[in-house]
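**Student:** I'd like to ask some things about the structure below.
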Amino acid sequence: MPLGVLLANLGTPEAPTPRAVRRYLREFLSDPRVVELPRAAWWPVLYGFILPLRPRRSAAAYQKIWQTAGSPLLVYSRAQREALQAALDERLDVPAVVSLGMRYGHPSVPAALDELREQGCRQIVVLPLYPQYSATTTGATFDAVTGRLQRWRELPALGFINGYHDRPGFIDALAASVREFRAANGSGEKLLLSFHGLPQRNVDLGDPYERQCRETATKLAVALDLRDDDWQVSFQSRLGAAAWLKPYTDETVREWGRSGVRAIDVICPGFAADCLETLEEIAIRNDEYFREAGGEALRYIPALNARADHVAFLADLIASYTPRL
């Protein structure tokens, strides 16, 4: 019987339009894993302010990065699925079927699981493409997987990979991407490692995300032989007035610009594939913030996407789980 592999990521609107973005945000921000507030307190904010106002602004941001083939996250995720399928065909002694599922939007996690069942997979490895664990991302994927499996009469043997933030192959691929970028473009004066933000309250309640982000960053700095003043961690994409993990990325690049730093390189080690948060928020908006503050160039280092070393690492990671099934 073939091994099923569910490759999962967050999701994306189906089009760069306010209507499509509103539909996506409604599903995303309605998940109690994502917003851990009482529904009675959250619904008025979501339906009274966010959904009426934010979709138009977000749609405009999507329009700046939308590709001919669709949303960048979906385009790169499909490339990852194809490359991983080819790698597993060579790596494993058993046939494998790789299916792509998004936690929010399409193609969905339930549809991807059903596809694996139709292909005769009775053993499934779930790989959420979040290197650092958070209940808001990896935990939400687990909810979607188990929610679908509750409807199956015959359950598969299940392996669930809940993170890989400190795996050597992952760190090596990140380091190689930085070296190659700098070899081709020169080195900025500083390297900023920007991770997606998380409310401070989540970490205070026990989410390991911040610790794992900083461990990833430290290991990458060691692999690149960086001095302490050559690099810094920051957190982006905060929402609302509550305290989020600090330092904030936008404030950091502005501070560096005001202090006389002319050129910086930015990498986002928490994103396995390029998306709105990397291509628009970092490469466009934060570049503008940096230049407005006096800097000259913010150079974004692309996500690992379907790089050969990244795909080879993911294939090895999946293979390490198959003996357990």
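**Student:** I need the full set of residues from the range 138-156 which are under 26 Å from the mean Cα position of the chain (by Cα) and of a type outside the set (V, I, T), in order please.
**Tutor:** In the first step, residues of the range 138-156 are kept if they are under 26 Å from the mean Cα position of the chain (by Cα); the result is 138-149.
Within the range 138-156, G139, A140, F142, D143, A144, G147, R148, L149 qualify.
**Student:** Return the total of residues in the range 112-132 being open to solvent by less than 20 Å² (accessible area, probe 1.4 Å) and free of Cβ contacts under 8 Å to residues at least 60 places away in the same chain.
**Tutor:** So the count comes out to 0.
**Student:** OK, next. Looking for something of a type outside the set (A, V, I, L, M, F, W, C), at pLDDT 95 or above and farther than 28 Å from A312 by Cβ - is there at least one such residue anywhere in the range 87-94?
**Tutor:** No, the range 87-94 contains no residue that is of a type outside the set (A, V, I, L, M, F, W, C), at pLDDT 95 or above and farther than 28 Å from A312 by Cβ.
**Student:** Any idea which residue in the range 217-234 is surrounded by the most Cβ atoms within 10 Å (Cβ to Cβ), counting only those that are over 24 Å from the mean Cα position of the chain (by Cα) and charged (D, E, K, R)? Step through it out loud before you land on a result.
**Tutor:** Looking only at the range 217-234, we keep the residues that are over 24 Å from the mean Cα position of the chain (by Cα), and these are 225-230.
Those left that are additionally charged (D, E, K, R): 225, 227-230.
Values: D225: 8, R227: 7, D228: 7, D229: 8, D230: 14.
Here the residue is D230.
**Student:** Which residues, taken from the range 102-111, are open to solvent by 40 Å² or more (accessible area, probe 1.4 Å) and in contact with a Ser or Thr (Cβ under 7 Å, 6 or more places away or on another chain)?
**Tutor:** The one that is open to solvent by 40 Å² or more (accessible area, probe 1.4 Å) and in contact with a Ser or Thr (Cβ under 7 Å, 6 or more places away or on another chain): R103.
**Student:** When only residues in the range 252-295 that are among the acidic types (D, E) and crowded, with 18+ Cβ neighbours inside 10 Å count, which is farthest from P131 (Cα to Cα)?
**Tutor:** Here the residue is D287.
**Student:** Out of everything in the range 66-101 that is in a helix (DSSP H, G or I) and open to solvent by less than 20 Å² (accessible area, probe 1.4 Å), what residue ends up being farthest from N9 (Cα to Cα)?
**Tutor:** Kept after step one, since they are in a helix (DSSP H, G or I), are these residues of the range 66-101: 72-91.
Those left that are additionally open to solvent by less than 20 Å² (accessible area, probe 1.4 Å): 72-73, 77, 80, 84, 88.
Numbers: P72: 12, L73: 9, S77: 8, Q80: 11, L84: 15, L88: 19 Å.
Residue satisfying both the conditions and the ranking: L88.
**Student:** Now, a different point. Please go through the range 140-163 and give me each residue that is out of contact with any strand residue (DSSP E or B) (no Cβ under 6 Å at 6 or more places or on another chain), outside any loop (DSSP other than H, G, I, E, B) and over 15 Å from E115 (Cα atoms), ordered by number.
**Tutor:** If the condition is that a residue be out of contact with any strand residue (DSSP E or B) (no Cβ under 6 Å at 6 or more places or on another chain), outside any loop (DSSP other than H, G, I, E, B) and over 15 Å from E115 (Cα atoms), then F142, D143, T146, G147 are the ones that fit.
**Student:** Would you check which residues across the range 1-30 are part of a helix (DSSP H, G or I) and acidic (D, E) and list them?
**Tutor:** E27
**Student:** Which members of the range 235-251 meet the condition of being part of a helix (DSSP H, G or I) and open to solvent by 20 Å² or more (accessible area, probe 1.4 Å)? Give the derivation first.
**Tutor:** If we filter the range 235-251 for residues that are part of a helix (DSSP H, G or I), which is where we start, we get 249-251.
Across the range 235-251, the qualifying residues are D250, E251.
**Student:** Just wondering, is there one or more residues in the range 267-279 that are small (G, A, S), more than 15 Å from the chain's Cα centre (by Cα) and modelled with pLDDT of 95 or more?
**Tutor:** For the range 267-279, residues small (G, A, S), more than 15 Å from the chain's Cα centre (by Cα) and modelled with pLDDT of 95 or more: absent.
**Student:** Would you say G147 is within 28 Å of M102 (Cα to Cα) and either in contact with a Lys or Arg (Cβ under 6 Å, 6 or more places away or on another chain) or in contact (Cβ under 8 Å) with a residue 40 or more places away in the chain (or both)?
**Tutor:** Values: within 28 Å of M102 (Cα to Cα): yes; either in contact with a Lys or Arg (Cβ under 6 Å, 6 or more places away or on another chain) or in contact (Cβ under 8 Å) with a residue 40 or more places away in the chain (or both): no.
Judged against the criteria, G147 is not a match.
**Student:** Could you count how many residues in the range 267-325 are farther than 24 Å from R211 by Cβ and assigned to a helix (DSSP H, G or I)? Show your work before the answer.
**Tutor:** Taking the range 267-325 and keeping what is farther than 24 Å from R211 by Cβ, we get 274, 276, 279-280, 283-300, 302, 305-309, 311-312, 315-316, 318-319, 322-325.
Now drop any that are not assigned to a helix (DSSP H, G or I), which leaves 276, 279-280, 283-292, 308-309, 311-312, 315-316, 318-319, 322-324.
Qualifying residue count, the range 267-325: 24.
**Student:** Just wondering, is there one or more residues in the range 164-173 that are in contact with a strand residue (DSSP E or B) (Cβ under 8 Å, 6 or more places away or on another chain) and either open to solvent by 20 Å² or more (accessible area, probe 1.4 Å) or not β-branched (V, I, T) (or both)?
**Tutor:** Initially, the range 164-173 is screened for residues in contact with a strand residue (DSSP E or B) (Cβ under 8 Å, 6 or more places away or on another chain), giving none.
So far as the range 164-173 goes, no, none of its residues is in contact with a strand residue (DSSP E or B) (Cβ under 8 Å, 6 or more places away or on another chain) and either open to solvent by 20 Å² or more (accessible area, probe 1.4 Å) or not β-branched (V, I, T) (or both).
The values are calculated or read from the model by the stated rules, or taken from the named source; none is laboratory data. For clarity, every value in this text was computed on a predicted model and none was experimentally measured. A quick note on method: Cβ atoms are made from the backbone with ideal geometry, for glycine too, and the neighbour counts reach across all protein chains shown. Just so you know, the surface numbers come from the protein's heavy atoms only, side chains and all, with ligands and any DNA or RNA stripped out. Shrake-Rupley method; radii C 1.70, N 1.55, O 1.52, S 1.80 Å.
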